[in-house]
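Novice: Below you will find the structure I want to go over with you.
Where a number appears in this text, it was derived from the coordinates with a stated rule and is not lab data. These numbers come from a predicted model, not from an experiment. Note that we place each Cβ from the backbone using ideal geometry, even for glycine, and neighbour counts take in every protein chain shown.
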Amino acid sequence: MEKIRLSSRNIYTDKKGRIIFYDMLTKKGYLVDKKSENSAVFFKNRFAVILFAAILFGATFLSVIQAVIAWAVMMVLAEFAFRMSFLKKLEPVTDIDFERRVSALQYIMENKEKGRIIVLIILYFLFAVLVLLNAYIEEYSIGLWVFTGCLALVGIYFGVLHVIALIKMKK
């Protein structure tokens, strides 16, 4: 059996071993070939990447209002690029079989070595602590504290997910 190459809420591996990106908005599936996998990873994480960018903008050289406006503009541009560029390059699939959706936990367990998982656990928890510490040191406004808290929660979530994967791998 081939190794799982991608996993996400909207990415499936069907019975034929194909990687299918399912767009919930249009209710269509698209075949993700090997050359499009890196782009698929970026686009499946586009909201998180843009949130990080908006927080950095707000924390460094923009006001909170300007950061929110920059976030909104980046979201529109990313969604436009996703729909008009990335999805247009993929082959539509009509015979989608949703039988095998790979969870993030399963993906971690099947594709990462134990040493790498341990390092990621440390990094995710360290990230959560450091973003909060940075917000405290930089005396962020309430709005940026909320965003930073959300980022810390994401770090904790992925840290815990990797801890669970490590525990399950040992069994």
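Novice: Looking for whichever is among the hydrophobic types (A, V, I, L, M, F, W, C), out of contact with any Cys (no Cβ under 8 Å at 6 or more places or on another chain) and within 17 Å of GLY17 (Cβ to Cβ) here; the options are LEU90, LEU77, LEU62. Which one fits? Steps first, please.
Specialist: Details: LEU77 fails: within 17 Å of GLY17 (Cβ to Cβ); LEU62 fails: within 17 Å of GLY17 (Cβ to Cβ).
Within the list LEU90, LEU77, LEU62, the selection yields LEU90.
Novice: Which of the residues spanning segment 148-164 are surrounded by 15 or more Cβ atoms within 10 Å (Cβ to Cβ) and under 15 Å from the mean Cα position of the chain (by Cα)?
Specialist: LEU151, ALA152, VAL154, GLY155, ILE156, PHE158, GLY159, LEU161, HIS162
Novice: Is segment 43-61 home to any residue that is in contact with a Gly (Cβ under 7 Å, 6 or more places away or on another chain), within 18 Å of CYS150 (Cβ to Cβ) and among the aliphatic types (A, V, I, L, M)? Break it down into steps so the answer makes sense when it comes.
Specialist: Just the residues of segment 43-61 that are in contact with a Gly (Cβ under 7 Å, 6 or more places away or on another chain), to begin with: none.
For segment 43-61, residues in contact with a Gly (Cβ under 7 Å, 6 or more places away or on another chain), within 18 Å of CYS150 (Cβ to Cβ) and among the aliphatic types (A, V, I, L, M): absent.
Novice: Sort through LYS27, LYS44 and tell me the only one that's basic (Lys, Arg) and exposed (fewer than 15 other Cβ atoms within 10 Å of the Cβ).
Specialist: Details: LYS44 fails: exposed (fewer than 15 other Cβ atoms within 10 Å of the Cβ).
Result of the check over LYS27, LYS44: LYS27.
Novice: Further question: Going by the structure shown, is PHE86 buried (at least 16 other Cβ atoms within 10 Å of the Cβ), of a type outside the set (D, E, K, R) and either without any contact (Cβ under 8 Å) to a residue 60 or more places away in the chain or touching a helix residue (DSSP H, G or I) at 6+ places or on another chain (Cβ under 9 Å) (or both)?
Specialist: Spelling it out, PHE86 is indeed buried (at least 16 other Cβ atoms within 10 Å of the Cβ), of a type outside the set (D, E, K, R) and either without any contact (Cβ under 8 Å) to a residue 60 or more places away in the chain or touching a helix residue (DSSP H, G or I) at 6+ places or on another chain (Cβ under 9 Å) (or both).
Novice: Take residues that are in contact (Cβ under 8 Å) with a residue 60 or more places away in the chain and tell me which of the helices (runs of 4 or more DSSP H) falling wholly in segment 104-171 contain 3 or more. Full working, then the answer.
Specialist: Details: elements: 104-111, 114-137, 142-170.
In segment 104-171, the matching helices (runs of 4 or more DSSP H) lie at 104-111, 142-170.
Novice: Here's another thing I want to ask about it. Can we say TYR124 is among the aromatic types (Phe, Trp, Tyr) and either loosely packed, with under 13 Cβ neighbours inside 10 Å or in contact with a Lys or Arg (Cβ under 9 Å, 6 or more places away or on another chain) (or both)? Before the answer, list the steps.
Specialist: Numbers: among the aromatic types (Phe, Trp, Tyr): yes; either loosely packed, with under 13 Cβ neighbours inside 10 Å or in contact with a Lys or Arg (Cβ under 9 Å, 6 or more places away or on another chain) (or both): no.
For TYR124, the condition - among the aromatic types (Phe, Trp, Tyr) and either loosely packed, with under 13 Cβ neighbours inside 10 Å or in contact with a Lys or Arg (Cβ under 9 Å, 6 or more places away or on another chain) (or both) - is not met.
Novice: Which of the residues that make up segment 14-50 are more than 12 Å from LEU90 (Cβ to Cβ) and not in a loop (DSSP other than H, G, I, E, B)?
Specialist: If the condition is that a residue be more than 12 Å from LEU90 (Cβ to Cβ) and not in a loop (DSSP other than H, G, I, E, B), then LYS34, ASN38, VAL41, PHE42, LYS44, ARG46, PHE47, ALA48, VAL49, ILE50 are the ones that fit.
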